[in-house]
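Step one of this worksheet: look at the structure below.
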Amino acid sequence: MEATVANLVLGFSTVFTPENMFYSLMGCLIGTMVGVLPGVGPLAGISMLLPTTFGLDTTSAIILLAGIYYGAMYGGSTTSILMRIPGEAASVMTCIDGYAMARKGRAGPALAIAAIGSYLAGTLSIVGLMFLAPPLAKFALRFGPPEYVSLLVCGLVILSYMTGGSIVKNLAMICLGMMAGMIGIDQMTGYFRFSYGVTALGDGLGIVPVAVGLFGISEILVTAGSRDIREVLKPHFRDLLPSIQELRDSIGPIGRGTVLGFMIGIIPGSAHIISTFVSYALERRISKHPERFGQGAIEGVAGPESANNAASEGALVPLLALGVPTGPVPAILLAALMVHGITPGPLFIQEQPQVFWGLIASMYIGNVMLLLLNLPLVGIFINLLRVPYRILYPTILLFCVVGVYAVNSSMVDVGIMTVMGVLGYLLRKMDFEIAPLVLGVILAPIIEFSFRQALAMSGGTYAIFVDRPISAAFLVLALFMILLGLKPLIFKTKDWRERLTEAEKQV
């Protein structure tokens with residue numbers, strides 16, 4: 001306990017500098033604006049803003065990106081409540097009762113409860129992150145290359161299952177991403193592979209152009225045909241404060257949403273999205289008046305918003321302690337740390353305590369900033385919604401091109417971004433998930449290096465992955481998740497064969 005307090009003091013001393021306080025504030029402000037804009041969301045926002053952090057030191061960069069991350073988690077609730085348009089996917093459930101409250105003239109209390117729930121859930125989840133990540137990292141020190149390979153493979157398979165849609169498609173996207181991630185110079189032999197004579201590909205495709213293309217450019221292409229005029233309900237700030245009864249009704253959902261969100265956030269997959277659905281379903285099930293849900297129940301805002309923010313913090317536990325991203329946004333944060341020369345994992349907390357505890361301290365401060373920023377500035381954020389898409393998206397596109405070019409001053413990176421943008425657009429039109437593709441690109445070098453280290457340890461024997469108990473356990477879990485994902489396809493095939501057999505008998 002004393003060591004934790006001492007480390008937290010180190011973190012606050014790192015953050016309480018004018019420079020880092022500024023980046024924390026800017027991260028929260030930009031994150032909220034990104035969350036407010038429909039169709040952008042935290043993933044595209046962080047991907048597009050990643051190049052701007054390369055001139056910063058590691059601690060300042062991760063503080064800025066983390067601020068954008070959890071700021072966007074809250075910002076999405078503004079459009080959900082006032083327009084019934086989720087700023088990002090995790091705010092879908094907030095639309096139902098939040099917009100119903102706004103139609104009744106209770107937009108102010110809905111926004112206030114969303115802010116309070118986000119603050120409490122975020123703060124309590126940081127406590128869980130602070131106490132859970134270090135012991136988890138100590139346990140992970142027992143891992144060798146075989147365990148690390150199996151852990152990452154298991155995480156990718158679980159993510160494929162939890163992402164939704166066809167697990168076959170998701171696994172195909174991961175394989176495609178890993179193939180793309182192996183372009184460039186081989187880390188162990190120095191061999192130049194899959195470059196087709198383009199020397200600029202020696203360092204690989206680059207996380208930034210891939211992420212900006214797949215998430216930023218494809219998002220612009222997909223939403224380019226959206227309508228320009230939207231109905232925006234103006235909140236009555238004189239009624240901003242919720243009533244005593246609304247506060248009482250919100251206490252339980254906020255607490256339950258926080259616990260649920262944090263626990264679900266640790267699991268690989270779109271945790272912040274899943275947690276909001278689970279929270280809403282739970283509150284409706286245990287409510288004495290379930291008929292109020294969908295008609296403006298404050299519990300339908302407090303629970304999902306708390307779960308959303310708690311899951312965002314919980315997702316950082318396996319990322320920082322094990323180096324395993326549980327979703328696309330943590331994967332981008334992983335890429336940002338790797339670009340700055342830091343690989344999260346079991347040794348990260350020990351070797352870079354100022355970065356880890358600085359991040360923890362900045363999250364405490366960031367949650368306070370979000371609470372103080374969002375309520376007074378809702379009116380300003382609402383004006384962003386009135387910017388026509390014909391002005392908004394060309395501006396974002398210009399920012400993407402300039403940001404990607406500025407990283408290496410390379411037109412090859414701009415070309416990669418363009419190709420990935422078109423590829424992302426086509427994949428989304430064909431109902432493929434692009435998040436597994438990006439995770440494959442990011443994790444391919446790590447998995448390959450650990451895989452070859454494991455084979456070097458065993459003299460080329462693959463049995464090392466099943467001879468070691470921890471590694472074998474992860475592989476068995478991965479196999480179980482694959483079979484679980486294929487179960488609907490197997491039964492569908494079985495039904496088709498039975499119908500074919502019956503038809504043959506009739507003939």
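Points worth noting:
- Placing dummy labels 7 Å off each Cα toward the beta-carbon, the span from Phe12 to Arg390 is 5.3 nm.
- Accessible-area rank, largest first, for Glu19, Glu448, Glu283: Glu19, Glu448, Glu283, with all protein chains present and a 1.4 angstrom probe.
- Legend: calculated FRET efficiency, Met21 to Val198, from the Cβ-Cβ distance at R0 = 45 Å, rounded to 0.05, equals 0.60.
- Under Karplus coefficients 6.51, -1.76 and 1.60, residue-wise ³J(HN,Hα) of segment 417-426 in Hz, glycine/proline x: 4, 5, 4, 5, x, 5, 4, x, 4, 5
- Mean Cβ count within 10 Å, highest first, over the residues of peptides 180-191, 474-485: 474-485, 180-191
- Packing-based order for 432-442, 341-351, using average beta carbon neighbours within 10 Å, highest first: 432-442, 341-351
- The local environment of Ala444, defined by Cβ-Cβ distances under 14 Å, has a net charge of -1 under the rule Lys, Arg +1 and Asp, Glu -1.
- Put simply, when 195-205, 105-115, 408-418 are sorted by average Cβ atoms within 10 angstrom per residue, most first, you get 105-115, 408-418, 195-205.
- Amide hydrogen proximity for Gly184: with H placed 1.01 Å from N in the peptide plane, the residues at 5 or more positions away or on another chain lying under 5 Å are Arg193, Ser195.
The values are calculated or read from the model by the stated rules, or taken from the named source; none is laboratory data. Just so it is clear, the model here is predicted, and its values are computed rather than measured. Positions of Cβ are generated from backbone atoms using ideal geometry, with glycine treated the same way; all protein chains shown enter the neighbour counts. Calculation scope for accessible area: heavy atoms of the full protein, side chains included, ligands and nucleic acids excluded. Shrake-Rupley method; radii C 1.70, N 1.55, O 1.52, S 1.80 Å.
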